[in-house]
1. Filter segment 198-223 down to the residues that are within 24 Å of Phe282 (Cα to Cα) and over 19 Å from the mean Cα position of the chain (by Cα), then identify the one that is surrounded by the most Cβ atoms within 10 Å (Cβ to Cβ).
2. Failed condition for Ser114, given (1) within 30 Å of Phe302 (Cα to Cα); (2) part of a helix (DSSP H, G or I); (3) polar (S, T, N, Q); (4) without any contact (Cβ under 8 Å) to a residue 40 or more places away in the chain, with all others met?
3. Looking at Val321, Val309, which one is out of contact with any helix residue (DSSP H, G or I) (no Cβ under 9 Å at 6 or more places or on another chain), in contact (Cβ under 8 Å) with a residue 40 or more places away in the chain and buried (at least 18 other Cβ atoms within 10 Å of the Cβ)?
4. For segment 286-318, which positions are of a type in the set (Gly, Ala, Ser), outside any loop (DSSP other than H, G, I, E, B) and more than 14 Å from Leu176 (Cα to Cα)?
5. Would you confirm, using the coordinates I've provided, whether Gly391 is within 38 Å of the chain's Cα centre (by Cα), surrounded by fewer than 16 Cβ atoms within 10 Å (Cβ to Cβ), at pLDDT below 95 and outside any strand (DSSP E or B)?
6. Which one is farthest from the chain's Cα centre (by Cα) among residues in segment 354-363 that are surrounded by fewer than 16 Cβ atoms within 10 Å (Cβ to Cβ) and at pLDDT 95 or above?
7. Arg312 - would you say it is at pLDDT 95 or above and outside the structural domain of Asn278 (by TED's automatic domain parsing)?
Amino acid sequence: MKNKHYFSTYLLVIIVILAFTVTNKAFANNVLFINNKAKFGDHTFIGPFNISNEKTREAKSKLIADLSDLQSKLDVNLIYQDIQFSLIPETITFDIDKSLANVNSGQDNPIIASVSRGGLNTVLTQQLPQFLFTEETVDLIAEGVEKELQTGIMPRNIHITDYLPANEIPIVEVALSEYNISGTSGPFKNAIQALDKSVVQPLEMFSMMELLTSSEIGMLSDEEMSLLSSMLYTAVLQTNFQIDERNISTLLSPIIHPGYEAAMNQTLGLDFKFTNPNKSDFTIHANWSNGKIQLSIEGPPFYYSYEPVIERIDTYKPRTVRQYSAFVNDGQVIVSQEGKEGMEVVVRRNISLNGKVINTEDVSKDFYAPIHRIEMLPLTKADASTGESTGGSDVGNESFENDEVQFDDGESNTETDPSTGNGTGQATESGTTTTGTESQNEGKQIYDKSGMPIGGK
């Protein structure tokens, strides 16, 4: 019985000694203010401030001066989505005693800061009046700011959404795009389903090519891909997302709205890419029903409203290019290419707050060159002898303006002058040409395909 008692006493003594040893070691490492003669070890920092080989008293004096200087240079910005505002220095205090009391010698240590909950709540209420911040929410944001200040590095840009509960801010529809379309292919329906519920992660670049070339979707045409990317581009312009890559085609599809095209081409590798600069997730929703495709983006509401607008559309009339051929019958006019007007579309974006426009920014200037109308007419003796090429002449009771006349040897080749963009044509096999309204065939004999003379001086 006595042996058992002695064993218990011995075990208790061992535990006390071990506890004292551990406590003494921690005490020595932390260098409490009681021991003013001890020094901190090498590479001992509080934030960016070096207190290596300093005694406690000297370290405290140095830290007081360093933190006082830091207080005067505080640059703390709070960010919510697309707005940034400053946190006034008066709401932040540095606790020197706690910072020193928690030092681990020979290590990097945090600065202990305290953020006034009342001051922070005042700033949040003034800057974000559309939200109701609870006491718990303010406390979470304050703790986040205190954590960010531990490094002592300025400026500090703090996203408050990093410290908000998931259900604190409502999820709303921030952008919408709609297009009418009569029918869809199987792969196109698969693409809509793949796009639906796609999540754009914080600070992530989103690529339409990467999404739409998935093997599960199937083979999409460039036109189908361009339609979906144009719809998404229209929606993205209603957000603060950053456009990384966007292209237009040479000929705008009649389905796509001018100014909002985002062309894709798998052969050329033309993609539509954008980046979410926010620290919040956004979800894309897409569906097709009753001949209408609807695409929307949902996420936390923005501070500002974004509205893309068409500032102007300038149109350019096509020229009429007339080609004269020996293989076109008298009185016959063959239209080998229908003309189409060109256009230049200027898009700007209004940024508003509470319904009032506070800024307008340039978005794009898209140019689509006109497509010239090409007509083939019979090569008559009068045409050949005069090299007729005047604008406004009547052929088949139809008036032509800004005409270009081309004599053809039967192959109907048309070239374009790279310096002017005007069409040029071959008149004979010898290479004599006419351009615009000026004949260059005076004094030259013109022959048909068989080599027989057909006119001239």
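The values are calculated or read from the model by the stated rules, or taken from the named source; none is laboratory data. Bear in mind that the values here come from a model prediction, so they are computed numbers and not experimental data. Heads up, the Cβs are rebuilt from the backbone with ideal geometry, glycines too, and the neighbour counts pull from every protein chain shown.
1. Ile217
2. Ser114 satisfies every listed condition except (2).
3. Working: Val309 fails: buried (at least 18 other Cβ atoms within 10 Å of the Cβ).
After applying the criteria, what remains is Val321.
4. So in segment 286-318, the residues of a type in the set (Gly, Ala, Ser) come out as 286, 289, 291, 296, 299, 305.
The next check asks that each one be outside any loop (DSSP other than H, G, I, E, B); those that pass are 286, 289, 296, 299, 305.
The one that is of a type in the set (Gly, Ala, Ser), outside any loop (DSSP other than H, G, I, E, B) and more than 14 Å from Leu176 (Cα to Cα): Ser289.
5. Working: within 38 Å of the chain's Cα centre (by Cα): no; surrounded by fewer than 16 Cβ atoms within 10 Å (Cβ to Cβ): yes; at pLDDT below 95: yes; outside any strand (DSSP E or B): yes.
So Gly391 fails the test.
6. Ranking the qualifying residues of segment 354-363, first place goes to Lys356.
7. Working: at pLDDT 95 or above: yes; outside the structural domain of Asn278 (by TED's automatic domain parsing): yes.
For Arg312, the condition - at pLDDT 95 or above and outside the structural domain of Asn278 (by TED's automatic domain parsing) - is met.
Matching residues to (1) over 36 Å from the mean Cα position of the chain (by Cα); (2) over 25 Å from Ser280 (Cβ atoms); (3) at pLDDT 95 or above:
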{"site": "Ile83", "(1), (2), (3)": "no, no, yes"}
{"site": "Leu87", "(1), (2), (3)": "no, no, yes"}
{"site": "Thr91", "(1), (2), (3)": "no, no, yes"}
{"site": "Asn102", "(1), (2), (3)": "yes, yes, no"}
{"site": "Asp108", "(1), (2), (3)": "yes, yes, yes"}
{"site": "Ile112", "(1), (2), (3)": "yes, yes, yes"}
{"site": "Gly118", "(1), (2), (3)": "yes, yes, yes"}
{"site": "Phe133", "(1), (2), (3)": "no, no, no"}
{"site": "Val138", "(1), (2), (3)": "no, no, yes"}
